[in-house]
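Working notes, beginning with the structure itself.
The values are calculated or read from the model by the stated rules, or taken from the named source; none is laboratory data. The model shown is predicted, which means the values in this text are computed figures rather than measured ones. When we count neighbours, we look across all protein chains shown, and the Cβ atoms used for this are built from the backbone with ideal geometry, even at glycine. Note: accessible area is taken over every heavy atom of the protein model, side chains too, but ligands, DNA and RNA are not part of it. Shrake-Rupley method; radii C 1.70, N 1.55, O 1.52, S 1.80 Å.
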Amino acid sequence: MDFKKILLVVILFLILFTSLLFFLKQSDDGGVSKNSLSPEEQMANDRISPMGNGEGFWDEAISPFREDRTKPYLELLDDLKSGKINFVWEVWALRRKCKPDFTPDQCNATILAYIDAEYESPDKEKVKDLFVSYFRYEEEYRKWEQPTDLPFLELYEKIKSKRREVLSDKADLIFGMEESQVSFMEGTNNFIKQSANLPADLRVKQFEEFKKRTYGNYYDSLVSREDKFDHYQMEMSLRDKEFATISDPKEKEKYLFKIESKYFGKEKAENLASERKKETKLSESISSYETKEKEFLKENANLSQAEKEKKLKELRIQMLGSEEEADAYLRRKNIEEAGK
């Protein structure tokens, strides 16, 4: 099994990261035509562009830090340290509550006024300090002459340094989870190469240890948001060599059932096994039919085309089990031949 899924995650992250860089580099007058932007830039513009003139703001805005109440500062701090919330995306969520004719500075001021209205001292000053620090970082980032000829990871290291230059210890609080994800993506390829010859069980165990070590305090939050199928696919990728050595179909099924039960539960694993059994049976029936088709055409070369098609249709229905399966097979075959 390959690692296309990992590559897809990396690409998605880079798109989102590029979107943030685009926003930070925009001038405050926002005089860029949306039609001239790339898809990534349009996404950033749509996500961040201020929406609202302040009227009705208090009625419509929902604090990203609130479930049924405003979170106290210490609880907010714990959520940031554990990765339960991502500060940057929460800022963007609030910015979406401003109106289009607001400048970034006006929108930022509205957010700070909102915090004033939602929090009591001393939490109010502490929460505002986080936002003001982040706004200052954005301003400094816009002024920064960023290197243009570096690979992403080298550029990212310089960005991390810039964050700490401006934000000091708040950089970890605001960007720590994102940075742990980039470290994990960078380290995964190295782990895959270096662990290629390990026994499968040990390889899976060490991968999880590497993941916990790299994510640190963010591990539980990040893993809880990951898709179970991604976890399953990753484990099967780590087990690809061992799985490939199993020649007995029944043993292969036992192997898959064990891993699938781990991620999806016994009932779902049984359903998946049943579907594979049906697919295997259908594949064998198709193979048998195609053999019979060749024999039939060879032995009945003198029949008319219409008669051949009639007889072959009867044979397909007989061997594939139903007219529906026979028709589906013919459609797939026609599509495959058309694509050659």
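Determine whether E336 is assigned to a helix (DSSP H, G or I) and either open to solvent by 80 Å² or more (accessible area, probe 1.4 Å) or touching a Pro at 6+ places or on another chain (Cβ under 7 Å) (or both).
In short, yes.
Within region 255-283, how many residues turn out to be surrounded by 11 or more Cβ atoms within 10 Å (Cβ to Cβ), more than 23 Å from E235 (Cα to Cα) and either within 26 Å of the chain's Cα centre (by Cα) or of a type outside the set (S, T, N, Q) (or both)?
Number of matching residues: 2.
Scan region 182-204 and give yes if some residue there is in contact (Cβ under 8 Å) with a residue 40 or more places away in the chain, buried (at least 17 other Cβ atoms within 10 Å of the Cβ) and closer than 28 Å to R136 by Cβ, otherwise no.
The answer is yes, given that some residue of region 182-204 is in contact (Cβ under 8 Å) with a residue 40 or more places away in the chain, buried (at least 17 other Cβ atoms within 10 Å of the Cβ) and closer than 28 Å to R136 by Cβ.
What's the number of the only condition in (1) open to solvent by less than 30 Å² (accessible area, probe 1.4 Å); (2) modelled with pLDDT of 90 or more that T110 fails to meet?
(2)
Being open to solvent by less than 50 Å² (accessible area, probe 1.4 Å) and in contact with a helix residue (DSSP H, G or I) (Cβ under 7 Å, 6 or more places away or on another chain) is the filter; apply it to region 235-245 and report the residue that is farthest from D79 (Cα to Cα).
F243
Looking at region 314-324, which of the residues that are part of a helix (DSSP H, G or I) and farther than 11 Å from Y289 by Cβ is most open to solvent (accessible area, probe 1.4 Å)? First the steps, then the outcome.
Taking region 314-324 first, the residues part of a helix (DSSP H, G or I) are 314-320, 323-324.
The next check asks that each one be farther than 11 Å from Y289 by Cβ; those that pass are 314, 323-324.
On the way: E314: 92, E323: 93, E324: 145 Å².
Of everything passing the filter in region 314-324, E324 is most open to solvent (accessible area, probe 1.4 Å).
If a residue must be among the β-branched types (V, I, T) and part of a helix (DSSP H, G or I), how many such residues does region 77-105 contain?
Number satisfying all stated conditions: 2.
Please specify each residue of region 245-280 satisfying the condition of being farther than 22 Å from E208 by Cβ and of a type in the set (A, V, I, L, M, F, W, C).
I246, L272, A273
Can you tell me which residue within region 123-163, out of those that are out of contact with any helix residue (DSSP H, G or I) (no Cβ under 8 Å at 6 or more places or on another chain) and assigned to a loop (DSSP other than H, G, I, E, B), is least open to solvent (accessible area, probe 1.4 Å)?
Top of the filtered list is P151.
Across region 296-310, which residue is nearest to the chain's Cα centre (by Cα) among those that are surrounded by 10 or more Cβ atoms within 10 Å (Cβ to Cβ) and among the acidic types (D, E)? Steps first, answer last, please.
From region 296-310, those surrounded by 10 or more Cβ atoms within 10 Å (Cβ to Cβ) are 296-297, 300, 303, 307-310; that's our starting set.
Filter again for among the acidic types (D, E), leaving 307, 309.
Details: E307: 53, E309: 47 Å.
Across region 296-310, the extreme among qualifying residues is E309.
What are the residue pairs meeting all of these: first residue in region 287-316, first residue under 17 Å from L330 (Cβ atoms), second residue among the small types (G, A, S) and surrounded by 12 or more Cβ atoms within 10 Å (Cβ to Cβ), Cβ atoms under 8 Å, and 6 or more apart or on different chains?
Between residues of region 287-316 that are under 17 Å from L330 (Cβ atoms) and residues that are among the small types (G, A, S) and surrounded by 12 or more Cβ atoms within 10 Å (Cβ to Cβ), the close pairs are K313/A326; R316/A326.
Counting only residues that are of a type outside the set (A, V, I, L, M, F, W, C) and in contact with a Phe, Trp or Tyr (Cβ under 9 Å, 6 or more places away or on another chain), which one in region 187-202 is farthest from G83 (Cα to Cα)?
Among those residues, the one meeting the criterion is S195.
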